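Engineer: Here's a structure for you.
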Amino acid sequence: MSRQIHPAMAAHFGSSSAKPRAVRVYTAEDGWVALRRPIVLTAEAVSEFKHEGCTMVEARWRLQTKRVSLSGLS
């Protein structure tokens with residue numbers, strides 16, 4: 001499993017060394033759903049969330065929390 005953080009996720013937190021973790025995901029069917037445990041937002045994790053139908057993710061890194069759209073990410 002790749003440990004490389006998705007570049008767009010690091011950019012949202014303003015640091016190339018950011019290691020944001022997903023704490024909630026959004027789907028049209030279920031709305032915001034809390035994850036059982038935070039998941040580091042690697043490129044592989046972002047791809048998996050998109051495959052599962054998630055359109056947004058709420059991520060935390062240090063004291064920052066951000067909601068990020070997954071629709072434009074590859």
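Engineer: Please note which strands (runs of 3 or more DSSP E) are completely contained in the chain and include at least 2 residues that are exposed (fewer than 13 other Cβ atoms within 10 Å of the Cβ).
Structural biologist: 31-40, 64-69
Engineer: Still on this structure, please answer the following. For GLY72, indicate whether it is of a type outside the set (A, V, I, L, M) and on the phi > 0 side of the Ramachandran plot.
Structural biologist: No: the conditions fail for GLY72.
Engineer: Which residues, counting only those in the range 16-26, are over 11 Å from GLN64 (Cα atoms) and touching a residue at least 12 places away in the same chain (Cβ under 8 Å)?
Structural biologist: Across the range 16-26, the qualifying residues are LYS19, ALA22, VAL23, ARG24, VAL25, TYR26.
Only the coordinates and a few stated rules stand behind these numbers; no lab work does. Bear in mind that the values here come from a model prediction, so they are computed numbers and not experimental data. In this analysis, Cβ positions are derived from the backbone assuming ideal geometry, glycine residues included, and neighbour counts consider all displayed protein chains.
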